[in-house]
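The structure appears right after this line, and notes come after that.
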Amino acid sequence: MDFEVYCDESRQDLIAQKKIGQYFMIGSLWLPANVREDVKAGIAQLRQKHSVWGEIKWSKISPSKKDFYLGLIDLFISYQDKLRFRCIAIESSKVDLGWHNHDKELGFYKFYYQLLHHWILDLNTYTIFCDTKTNRDPSRLKVLSECLSSANLTAKINFIQALPSHQVALIQFTDFLLGIVSAKMNDGTNSQAKLEVITHLEQELHHKLRPTVQREEKFNIFKIRLEGGW
């Protein structure tokens, strides 16, 4: 079966900082390729209904746009297991860049690997899209694709492609969902509109947002244990 994965990151600057209880995160939206256009049409309908035409972003939630973002959550939930979200949360204070040759960019893409690898299943084909960013080493995405292919010999990684998020609605959708989790796990928010969006997602998921086990399929929050243990 052909799948597409759309990725974005939040607070990446924290990878080189030591802030206890602060998390940088990478998120991903997973869907069968054959439902992509249907999901995009659903987003377009919500834009029309609520007259929201700008880029979809957690940071842009306001009282006047709140109902649009609540609608996005309802859209996400309505696809049941055909639309899934997974993110990895990395606590800044526990990152040891010595494990990554003191290269924070290398460390970042190793965490990207951890996000994706554990949800790639045998006999499927995956095409992965991420937000465009400037890398010191331009081969990062190529190497990430090769590593995923080597670790998943019975699955196929078509390619990993960087695209400008302002042109890709599903990367923007990922930013929105990731923003909810980042707010919940970091400093929270004083915005009443954002608090209502968080509450609505928790109500639709029937549980508070918290780190989940790997088998959680709809909304998976992977808090990686850099200190080891079981």
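Taken together, the values in this text are just the output of simple stated rules run on the coordinates, not laboratory data. Just so it is clear, the structure is predicted and the values come from calculations on it, not from any experiment. Positions of Cβ are backbone-derived with ideal geometry, glycine not excepted, and every protein chain shown enters the neighbour counts.
Could you pull out every Cys in the chain that lacks a partner Cys with its beta carbon under 4.7 Å away?
Those would be Cys87, Cys147, since no other cysteine Cβ in the chain comes under 4.7 Å of theirs.
Please list, in chain and number order, the residues 5+ apart from Lys223 or on another chain whose amide H is under 5 Å from its amide H, with Hs placed from the backbone.
Under 5 Å from the amide H of Lys223 lie the amide H atoms of Ala89, Thr212, each far enough along the sequence or on another chain.
Near the amide H of Asp2, under 5 Å away, which other amide H atoms are found, from residues 5 or more places off or on another chain, if H is placed in the peptide plane?
Under 5 Å from the amide H of Asp2 lie the amide H atoms of Ala33, Thr125, each far enough along the sequence or on another chain.
Quick check for the range 1-93: number of Lys pairs with alpha-carbon distance under 29 Å, counting only pairs 8 or more apart or on different chains?
21
When the Karplus curve 6.51 cos²θ - 1.76 cosθ + 1.60 is applied with θ = phi - 60°, which whole-Hz ³J(HN,Hα) does each residue of the range 26-31 get, with x for Gly and Pro?
10, x, 8, 10, 10, 7
Once every DSSP H run of n ≥ 4 in the chain is given -39500 (n - 2.57) and the sum is divided by its residues, what mean residue ellipticity at 222 nm do you get, rounded to the nearest 500 deg cm²/dmol?
When only DSSP H runs of four or more count, the value is -12000 deg cm²/dmol.
What is the gain in length, in nm to one decimal, between Asp81 and Lys110 on full extension, counting 0.36 nm per residue of separation less the C-alpha to C-alpha distance?
7.7 nm
Based on the Kirkwood radius over alpha-carbon pairs, what value in µm²/s does the Stokes-Einstein equation return for the translational diffusion coefficient of the chain at 37 °C and 0.692 mPa s? Mind showing how you got there, number by number?
Working: Rh = 18.2 Å.
D, rounded to a whole number, is 181 µm²/s.
If packing is taken as the average number of other Cβ atoms within 10 Å across a peptide's residues, how do 174-185, 57-68 rank, most packed first?
Averaged packing, sorted descending, gives the order 174-185, 57-68.
Are there GluC sites (Glu not before Pro) in the range 156-230 that DSSP marks as loop and that have at most 16 other Cβ atoms within 10 Å, and which are they?
Of the GluC sites (Glu not before Pro), the ones in loops of the range 156-230 whose Cβ has at most 16 other Cβ atoms within 10 Å are Glu216, Glu217, Glu227.
Quick query: amide H of Lys19 versus all other amide H atoms, modeled in the peptide plane; which residues come in under 5 Å with a sequence gap of 5 or more or a different chain?
It is Ser92, Ser93, by chain and number.
Give me the number: length gained by fully extending Ala193 to Trp53, i.e. 0.36 nm times residue separation minus the C-alpha to C-alpha distance, one decimal in nm.
Between Ala193 and Trp53, full extension yields 48.6 nm more.
How large is ³J(HN,Hα) for each residue in the range 65-79, as worked out from phi by the Karplus curve 6.51 cos²θ - 1.76 cosθ + 1.60 (θ = phi - 60°), to whole Hz, x for Gly and Pro?
Each residue of the range 65-79 in turn: 10, 4, 5, 4, 6, 4, x, 4, 4, 4, 5, 4, 5, 5, 7 Hz.
Could you give me the ³J(HN,Hα) list for the range 142-147, computed from phi with Karplus coefficients 6.51, -1.76, 1.60 and θ = phi - 60°, whole Hz, x at Gly and Pro?
4, 5, 4, 4, 5, 5
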